[in-house]
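**Q** Starting off with a structure, shown below.
The values are calculated or read from the model by the stated rules, or taken from the named source; none is laboratory data. Everything numeric here is computed off the predicted structure, so don't read it as measured data. Cβ sites come from the backbone with ideal geometry, for glycine too, and all protein chains shown count toward neighbours.
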């Protein structure tokens, strides 16, 4: 659309708009862009070319630009950009190459830098990567987790990774109806929650951990006060008494950070009945286990792990970040968490509950996770132990 407009003119307009920015970063309005075009063209640009330049620059300088259509699609969970000609999207069936392309590498880098600024971060040669969170992007109005990496660290071109964080609105009943939670195990899962057993939902990236956790929190007694602590606001359980707390990344100057671990500590002082950590990914595991061992039954969270049997090793690694040794971690983990719910995504892209495990101690005193149910084989001989735990808590 801007083919009839001198590229040098467009560059001068960008520079003018950038130099006019004062205070918080915000997208320039159409009137401001049009005024900059007129000023840089000396008033000699015709109406047709002025309109073409305005539309082009609005796409280039406002919101997520050419990616806006993808983020507005409710089925899109991830948008991945590798240089100007490769833009991938995941609509639930795996990554697919889209028809979206950029004019050149400079256009991709400008978008990455603008998104970084919107997240309160910087992206330049001195800081060639960024990890942040975005909200209210254009008409899409979604929460997005941003990661970007620029050359020379990315030799194939600027890489932008956008994970769409849509609220988990699915009820437990809808997951059962869709088969995400098999009917044969639905009542057992429901009983785990109502009996106030502490549990973790584990799985790989995009497996549906947050969706399952959000639906389970809808089963919690309406009289319970739930404190939800998250790195990004994803959980929206259908429960009358939920207090949501969201961590904050540092600003451009590197100050102002509020970690999930800090918020877990604050949650302990807010009269919680249940503490929920949206994703346990760092030293906050220590504070969560402390809470679980001081009378806060029925707590929950999600953990990135490829299977339920990997949970102890994954927890060891996270606890080490906070200075907790392996033996101390296992002594805390054993009495703190009773059930592990594993979710997975099959080859067709369908996501759902794949296994249930019990947390038990072996003869050496270390914690292991023993399968009680698997989607492919059904219940194991540990079902009676799980049923007994539920009966004891009711």
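**Q** Among the strands (runs of 3 or more DSSP E) confined wholly to segment 134-247, which include 2 or more residues that are in contact (Cβ under 8 Å) with a residue 40 or more places away in the chain?
**A** Those strands (runs of 3 or more DSSP E) span 143-149, 159-165, 199-203, 226-230.
**Q** Please pick out the residue among 210, 205 that is closer than 30 Å to residue 125 by Cα, under 19 Å from the mean Cα position of the chain (by Cα) and in the same structural domain as residue 351 (by TED's automatic domain parsing).
**A** Sole residue among the options that is closer than 30 Å to residue 125 by Cα, under 19 Å from the mean Cα position of the chain (by Cα) and in the same structural domain as residue 351 (by TED's automatic domain parsing): 205.
**Q** Filter segment 360-373 for residues that are at pLDDT 95 or above and either over 15 Å from residue 200 (Cβ atoms) or not assigned by TED's automatic domain parsing to the domain that holds residue 314 (or both) and give the result.
**A** 373 - this is the single residue of segment 360-373 that is at pLDDT 95 or above and either over 15 Å from residue 200 (Cβ atoms) or not assigned by TED's automatic domain parsing to the domain that holds residue 314 (or both).
**Q** Residues of segment 92-112 being at pLDDT below 90 and in contact with a strand residue (DSSP E or B) (Cβ under 8 Å, 6 or more places away or on another chain), which ones?
**A** 95, 111
**Q** So how many residues does segment 269-287 have that are out of contact with any helix residue (DSSP H, G or I) (no Cβ under 6 Å at 6 or more places or on another chain) and under 23 Å from residue 195 (Cβ atoms)?
**A** 7
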